[in-house]
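Written below as structure tokens is the structure these notes are about.
The values are calculated or read from the model by the stated rules, or taken from the named source; none is laboratory data. Everything quoted here is computed from the prediction, not taken from an experiment. All Cβ positions, even for glycine, are placed from backbone atoms using ideal geometry, and neighbour counts span all protein chains on display. Note: accessible area is taken over every heavy atom of the protein model, side chains too, but ligands, DNA and RNA are not part of it. Shrake-Rupley method; radii C 1.70, N 1.55, O 1.52, S 1.80 Å.
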Amino acid sequence: MLSAYGVTRIVSSDSARCRQTVQPYADDHVLPLEAEAGLNEEEWTPDSVRAVLTDLLSGKENAVLCSHRPVLPEILTALGVTEEPLAPGEMVVCHHRKGRVVAVERHTAY
């Protein structure tokens, strides 16, 4: 699924389960995986989430961000996206222009 979006940057919580989720894509596409403590369940803060999102939204790369269910409400709020509960393996795709989300897609795991 990520290949359809041309993802060239991978940012993940430094938690093993998040890294394991995106590592196969990183390996297949020979991309580095950027592990961020500020996205894990134990260390995240609103400021750490906003810092990661500011960096991603200011870039021109198609990126994937992998984090945890307890952190998702903050991520989605910071993006200005209406929060909806996600099922395991489900993902939200946010399209942005000049740092502002302009469209949102939701994809199931199957």
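Observations on the structure shown:
- Subset of segment 47-79 (residues that are open to solvent by 60 Å² or more (accessible area, probe 1.4 Å) and either of a type outside the set (Gly, Ala, Ser) or touching a Cys at 6+ places or on another chain (Cβ under 9 Å) (or both)): Asp47, Arg50, Thr54, Asp55, Lys60, Glu61, Asn62, Arg69, Pro70, Thr77
- Among the criteria (1) surrounded by 12 or more Cβ atoms within 10 Å (Cβ to Cβ); (2) modelled with pLDDT of 90 or more; (3) touching a strand residue (DSSP E or B) at 6+ places or on another chain (Cβ under 9 Å), the one Glu90 does not fulfil is (2).
- When segment 93-105 is filtered for residues that are of a type in the set (Val, Ile, Thr) and surrounded by fewer than 11 Cβ atoms within 10 Å (Cβ to Cβ), only Val102 remains.
- A residue that is touching a helix residue (DSSP H, G or I) at 6+ places or on another chain (Cβ under 7 Å) and more than 17 Å from His95 (Cβ to Cβ) occurs nowhere in segment 54-65.
- Among residues of segment 43-65 that are of a type in the set (Gly, Ala, Ser), those with a Cβ under 8 angstrom from a residue that is part of a helix (DSSP H, G or I) and open to solvent by less than 70 Å² (accessible area, probe 1.4 Å), sequence gap 6+ or separate chain, pair up as Ser48/Ala37; Ser48/Gly38; Ser48/Leu39; Ala51/Gly38; Ala63/Leu56.
- Condition check for Val64: within 14 Å of the chain's Cα centre (by Cα), modelled with pLDDT under 95 and among the β-branched types (Val, Ile, Thr): no
- Residues that are out of contact with any Asp or Glu (no Cβ under 9 Å at 6 or more places or on another chain) and buried (at least 19 other Cβ atoms within 10 Å of the Cβ), drawn from segment 34-46: none
- Residue count for segment 3-32, restricted to those that are within 12 Å of the chain's Cα centre (by Cα) and either open to solvent by 70 Å² or more (accessible area, probe 1.4 Å) or free of Cβ contacts under 8 Å to residues at least 40 places away in the same chain (or both): 2.
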